[in-house]
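Read the structure below first, then the notes.
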Amino acid sequence: MARTPSAAQVLGHVVLVTGKEEYLSARTVASVRDAVRAHDAEAEMAESPASDLTLASLGEMSAPSLFSSIRCVVVRGLEDLPDESVDGLLDYCGAPADDVALVLVHSGGQKGSGVLTKLRKLPPVTEVKSEEVKPSEMTGFVTSEVASHGARIDSDAAAFLVQAVGSDLRSLAAAADQLTNDFHGEQLTIDKVQRYFGGRAEAKSFTVADAAFAGRRAAALEELRWALDSGTSPVLVTSAMAASARSLARYLGSPRGARDADLARDLGVPPWKVRTVRDQSRSWSSGGIAAAVRAVAHADADIKGQAHDASYTLERLVLTVAGLRDGR
């Protein structure tokens, strides 16, 4: 089903929404409602938990009213549908009313899987899956979001947006919407994304970590001071340092000749970051990484233990990590 379906795709049909990603499920439900309202602004909206659903209540929700014969009915928590209501729901879904859009939402898992199997066999039923998006798939999600607005985004710009905004899909979708509106018709480059989101705390923390693990002491200290002065939590910095150390350790232990896509999945980083890790790894040994991990853990413990001067603790950490490069 298209992201924004037509009324013809949903009226007289059943949309089965399955999966654990709540944001994607909510967006699918909203898109069906929007399609119905676009067809008839007076269309009525009804909603019910599946646990309360009976053949009688389904009939009431789908029956025409004095105001409009067009309706959108949303049934949530399909996994909780009572056994005695299964046959009635299946009968309706086999021949749904022409002027009703029925949306059934199942939150994932094995509970209620028998009903799903039967629903999938019915011709009027269209399934839309809301599967969880893996960390390695976040940049692809951003690229798809931007494309849905008729625009394009560079791969490194998409990866930076994920690093800056985080893995919350709602926030990423909002960021993609903002960027495509503000740079209407333009290719989204990393410079444009940084202009808007380069000040996010997460992005600044990883900039510090990247400079430190690359051995660029002066740059790392400068980025650190700027990050702390602009309100970045010290814990975010140690978290970014720990993530960089783990990625390097995993890379050093990875098989030779592995593809970047496989490495990205194993390292838990976006594909573009593999290049950064690869470049950094040339100057690191397994012993150096082990020492860096210990240094990060020690600094993190100091900060969480209310160290007297967190900025001094982080400066010492940056210098220590940068000094461990090349085995020094």
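The values are calculated or read from the model by the stated rules, or taken from the named source; none is laboratory data. Not measured: the values here are computed from a predicted model. Note that we place each Cβ from the backbone using ideal geometry, even for glycine, and neighbour counts take in every protein chain shown. The accessibility values were calculated without ligands, DNA or RNA, using every heavy atom of the protein model including side chains. Shrake-Rupley method; radii C 1.70, N 1.55, O 1.52, S 1.80 Å.
General observations
- Scanning segment 73-102 for residues that are under 17 Å from residue 56 (Cα atoms), in contact (Cβ under 8 Å) with a residue 60 or more places away in the chain and not in a helix (DSSP H, G or I) yields 96, 97, 100, 102.
- Residue ID - farthest from residue 24 (Cα to Cα), chosen from residues in segment 73-124 that are among the acidic types (Asp, Glu) and crowded, with 17+ Cβ neighbours inside 10 Å: 99
- Annotation: residue 137 fulfils all but one of (1) open to solvent by 50 Å² or more (accessible area, probe 1.4 Å); (2) over 30 Å from residue 83 (Cβ atoms); (3) modelled with pLDDT of 90 or more; (4) part of a helix (DSSP H, G or I); the unmet one is (3).
- Qualifying residue in segment 296-311 (condition: among the aliphatic types (A, V, I, L, M), part of a helix (DSSP H, G or I) and under 22 Å from residue 158 (Cβ atoms)): no
- Against the test of being hydrophobic (A, V, I, L, M, F, W, C), in contact with a helix residue (DSSP H, G or I) (Cβ under 8 Å, 6 or more places away or on another chain) and in a helix (DSSP H, G or I), the options 245, 258 yield a single qualifying residue, 245.
- Criterion applied to 126, 189 was being polar (S, T, N, Q) and free of Cβ contacts under 8 Å to residues at least 40 places away in the same chain, and the one residue passing it is 189.
- Looking at 260, 300, just one residue is of a type outside the set (S, T, N, Q) and touching a residue at least 40 places away in the same chain (Cβ under 8 Å), and that residue is 300.
- Every condition in (1) assigned to a helix (DSSP H, G or I); (2) more than 22 Å from the chain's Cα centre (by Cα) is met by residue 264 except one, and the failing one is (2).
- Which numbered condition residue 17 misses (of (1) in contact with a strand residue (DSSP E or B) (Cβ under 7 Å, 6 or more places away or on another chain); (2) surrounded by fewer than 16 Cβ atoms within 10 Å (Cβ to Cβ)): (2)
- Residue in segment 154-174 that is farther than 30 Å from residue 93 by Cα, part of a strand (DSSP E or B) and within 20 Å of the chain's Cα centre (by Cα) present: no
- Any chance residue 256 is at pLDDT below 80 and open to solvent by 10 Å² or more (accessible area, probe 1.4 Å): yes
- Residues located in segment 149-197, provided they are open to solvent by 60 Å² or more (accessible area, probe 1.4 Å), among the polar types (S, T, N, Q), out of contact with any Ser or Thr (no Cβ under 7 Å at 6 or more places or on another chain) and at pLDDT 85 or above: 178, 181, 187
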